[in-house]
Amino acid sequence: MPLLYRFYTALFCALFLLNPSRAQTVSVVDAGIHPDTYENVTVRIQQVIDEAIRTGKTTLTFPKGRYDFWPDGAIREKYFISNTSTEKEDSLKIRTVGMLFRNAKNLTVDGNGALFVFHGKMTTIVLEHCENVKLQNIHVDFERPTMSEMRYANASDGEVELAIQRDARYAIRDGKLEFFGEGWKTTHFHAVEFDTTLKTMRYSDWKPYANAQAMEVVPRRVRFNTSVTPKRGNILTVRDIIRDQVGMHIRECKNVTLEDVGMHYMHGLGIVSQYTENVTMRRVTCAPRPETGRIIASSADFMHFSGCRGKVTVEDCRFSGAHDDPINVHGTNLRIVGKPDATSLKVRFMHGQSYGFNAFFPTDTVAFVHSASMERFANGVVKTVDRLNDREILLTFEKPVPATLEDHDCVENMTWTPEVLIRRNYFTRTNTRGVLLTTPRKAVIENNTFFRTGMSAVLIEADAEGWYESGAVRDVTIRNNEFIDCAYQGGPGNAIIAINPSNKVADFKKPVHFNIRIEGNTFNTFDYPVLFAKSTRGLVFGNNRIVRTTELTPQSGNHNMFWFNGCSEVEVSGLKLEGEVLGKNIKLENMLKSNVKVTGSPKLTIE
């Protein structure tokens with residue numbers, strides 16, 4: 001027997017040496033977890049994840065199939081997440097986590113095409129303090145999304161009939177329609193309407209239905225007594241505005257990749273990467289699964305990058321059906337509210353929905369920003385960080401802070417700012433923007449298609465007033481993109497590309513943004529302007545093609561192809577116009593005609 005034992009031991013060691021990777025791979029099947037059981041796998045899969053991390057496994061696999069996750073037994077963790085909720089909306093900040101990866105290193109999670117179906121309100125996946133982690137071949141969806149969809153089936157004689165989408169759950173109580181799900185009920189209604197003919201999305205109003213008597217005609221068809229006359233066939237989508245969970249949270253990690261991942265519904269906010277270094281999103285589909293018949297995949301943003309650094313890459317992705325922006329990249333300005341001594345400042349998170357998270361670390365370099373002008377006028381290096389409460393932080397610096405600080409000035413973390421590459425993506429079915437971008441490092445937006453974004457396809461802001469989203473740009477290239485009928489319901493200025501910092505006074509001698517090149521793009525547009533820019537120095541609009549379209553109706557008000565406010569060193573060249581393009585002119589404010597150079601044909605009027 002000992003001889004036989006030694007033989008099998010030697011055989012095992014030999015096999016291990018021939019294929020050592022097998023010992024580094026674990027499958028959920030090893031723990032008795034199988035797909036398509038429709039059982040709650042939350043607790044058991046978390047145990048597998050924890051053990052894989054503890055033992056240093058490099059691959060965690062799932063056989064293809066369906067896995068169901070319920071809140072029962074899920075980890076409940078307190079996370080402050082940027083751009084989510086106020087103290088009044090969600091004071092506890094408890095996230096119900098389907099799968100938590102904490103302190104994972106060198107781990108690939110391969111779903112082999114598996115579908116993860118979540119129930120109730122949950123944050124599907126959290127990566128916290130992880131390094132070199134990759135999620136691949138995974139699809140994520142909800143059994144009952146917190147979005148309710150319905151089609152206008154009929155509208156006449158003071159009555160409207162809505163055909164409710166099959167995944168929605170509803171009840172009629174005291175003549176009022178209510179939406180509910182697995183452990184939740186909609187109490188704050190926010191509506192967006194999708195025009196099924198024009199493929200546009202616009203803000204809508206739920207009040208006519210909230211105040212009307214409702215009656216179920218047949219199952220999933222509800223009649224309202226109301227005087228509104230919607231367009232038959234259009235789809236009304238309704239959500240609760242409270243962002244108490246997020247689709248996925250990537251928190252203080254390094255080198256995270258999502259590849260061949262489908263995020264088919266996300267509640268609250270989408271994939272939020274926060275103070276993470278190097279994030280790659282490759283072939284990520286943010287859109288409903290076709291077989292569900294739904295049109296909305298997120299109740300807010302799809303991808304949100306807050307205070308990241310290194311490089312953010314989003315490539316070969318598809319975005320369809322967001323109630324807010326598909327991509328938003330920014331930092332956070334904190335307002336100075338106290339100066340205890342020469343080397344210290346008390347700073348405060350100002351926006352209601354962004355606070356409580358780690359915004360500074362020792363050795364970080366910061367910029368001091370005049371809020372009125374958005375000018376970065378000095379730098380400092382952080383020595384210590386003391387959290388005073390959820391809203392306020394005490395920062396101590398290596399050297400005395402500037403004596404020229406003014407009321408309401410801000411501190412911007414320059415260390416945690418990313419280089420950005422957004423390429424070969426497709427954007428459609430959103431009532432807001434396509435890309436919001438504010439970072440002082442190199443950013444490239446290229447070879448993308450933006451189809452009928454409700455507002456500006458690309459918006460560059462930076463503000464110390466509203467959302468306090470920091471990152472005034474220094475090097476942006478927008479090239480070889482195609483824009484199709486964008487900015488039909490908003491702007492700024494209904495511009496396809498808008499550059500709109502929050503500085504109160506636009507002075508061409510005091511720019512906020514620098515070095516923005518818009519080159520080689522095609523603008524298929526029904527209206528004008530193509531470009532609105534404020535407080536930008538070094539703005540090139542070169543070799544772009546503008547084609548007149550006619551399916552959407554031009555809007556009244558602004559009649560300018562270009563609108564520049566407080567800009568300098570502006571160049572418009574190589575412009576190609578096709579069709580009866582509207583507004584062949586340039587409007588100037590707070591700047592001189594000598595600040596703009598126009599070369600080539602056609603001739604543009606400068607006003």
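Listing for the model above:
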| read-out | value |
| --- | --- |
| Any hit, the stretch 71-82, residues being at pLDDT 95 or above, aliphatic (A, V, I, L, M) and farther than 18 Å from Ile125 by Cβ | no |
| Conditions (1) assigned to a strand (DSSP E or B); (2) touching a His at 6+ places or on another chain (Cβ under 8 Å): number failed by Ala472 | (1) |
| Unique match (being over 30 Å from Gln165 (Cα atoms), free of Cβ contacts under 8 Å to residues at least 12 places away in the same chain, in a strand (DSSP E or B) and not aliphatic (A, V, I, L, M)) among Gly338, Gly331 | Gly338 |
| Any hit, the stretch 511-527, residues being under 30 Å from the mean Cα position of the chain (by Cα), assigned to a strand (DSSP E or B) and at positive phi | yes |
| Filter result for Arg76 (without any contact (Cβ under 8 Å) to a residue 40 or more places away in the chain and part of a strand (DSSP E or B)) | yes |
| Residues of the stretch 28-62 satisfying the condition of being under 18 Å from Asn137 (Cβ atoms) and either of a type in the set (Gly, Ala, Ser) or assigned to a helix (DSSP H, G or I) (or both) | Val28, Val29, Ile45, Val48, Ile49, Ala52 |
| Residue in the stretch 431-466 that is nearest to the chain's Cα centre (by Cα), counting only those that are of a type in the set (Asp, Glu) and in a loop (DSSP other than H, G, I, E, B) | Glu461 |
| Conditions (1) at positive phi; (2) within 29 Å of the chain's Cα centre (by Cα): number failed by Tyr203 | (1) |
| Filter pass, Pro511 being buried (at least 19 other Cβ atoms within 10 Å of the Cβ) and within 30 Å of Tyr203 (Cα to Cα) | no |
| Matching residues in the stretch 168-186 - criterion: being within 26 Å of the chain's Cα centre (by Cα) and under 13 Å from Ser148 (Cβ atoms) | Ala168, Phe179, Phe180, Gly181, Trp184, Lys185, Thr186 |
| Qualifying residue in the stretch 481-490 (condition: crowded, with 17+ Cβ neighbours inside 10 Å, of a type in the set (Gly, Ala, Ser) and over 23 Å from the mean Cα position of the chain (by Cα)) | no |
| Members of the stretch 138-167 found to be within 21 Å of the chain's Cα centre (by Cα), not in a loop (DSSP other than H, G, I, E, B) and not aliphatic (A, V, I, L, M), listed by number | His139, Asp141, Phe142, Ser148 |
| Filter result (under 22 Å from Ala171 (Cα atoms) and either touching an Asp or Glu at 6+ places or on another chain (Cβ under 8 Å) or touching a residue at least 12 places away in the same chain (Cβ under 8 Å) (or both)) within the stretch 214-227 | Ala214, Met215, Glu216, Val217, Arg220, Arg221, Val222, Arg223, Phe224, Asn225, Thr226 |
| Filter pass, Ile271 being touching a residue at least 60 places away in the same chain (Cβ under 8 Å), part of a strand (DSSP E or B) and either over 26 Å from Arg95 (Cα atoms) or not aromatic (Phe, Trp, Tyr) (or both) | no |
| Single residue of the stretch 373-404 satisfying the filter (crowded, with 17+ Cβ neighbours inside 10 Å and of a type in the set (A, V, I, L, M, F, W, C)) that is nearest to Thr536 (Cα to Cα) | Met374 |
| Candidate set from the stretch 369-398 (those that are part of a strand (DSSP E or B) and in contact (Cβ under 8 Å) with a residue 60 or more places away in the chain); member that is farthest from Met414 (Cα to Cα) | Glu375 |
| Residues within the stretch 204-251 that are in a loop (DSSP other than H, G, I, E, B) and among the basic types (Lys, Arg), tallied | 4 |
| Selected residue (criterion: surrounded by the fewest Cβ atoms within 10 Å (Cβ to Cβ)) from residues of the stretch 187-216 that are closer than 16 Å to Thr430 by Cβ and of a type in the set (Lys, Arg) | Lys199 |
| Counted residues, the stretch 578-607 - those being assigned to a strand (DSSP E or B) and under 33 Å from the mean Cα position of the chain (by Cα) | 4 |
| The stretch 102-119 residues that are in contact (Cβ under 8 Å) with a residue 24 or more places away in the chain and farther than 12 Å from Gly262 by Cα, paired with ones that are of a type in the set (S, T, N, Q) and in a loop (DSSP other than H, G, I, E, B) (beta carbon under 6 Å, 6 or more apart) | Asn106/Thr58 |
| Pairs where the first residue, in the stretch 416-434, is surrounded by fewer than 20 Cβ atoms within 10 Å (Cβ to Cβ) and the second is of a type in the set (Val, Ile, Thr) and part of a strand (DSSP E or B), C-beta under 6 Å, 6+ apart | Leu421/Thr313; Leu421/Val444; Tyr426/Thr449 |
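To keep it simple, each residue is scored yes or no on (1) assigned to a loop (DSSP other than H, G, I, E, B); (2) at pLDDT below 95; (3) of a type in the set (D, E, K, R).
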{"residue": "Asn255", "(1), (2), (3)": "no, no, no"}
{"residue": "Val284", "(1), (2), (3)": "no, no, no"}
{"residue": "Ala300", "(1), (2), (3)": "yes, no, no"}
{"residue": "Ser320", "(1), (2), (3)": "no, no, no"}
{"residue": "Asp324", "(1), (2), (3)": "yes, no, yes"}
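The values are calculated or read from the model by the stated rules, or taken from the named source; none is laboratory data. All of these numbers come straight from a predicted model, not from anything done at the bench. With ideal geometry, Cβ positions are generated from the backbone for all residues, glycine too; neighbour counts draw on all protein chains shown.
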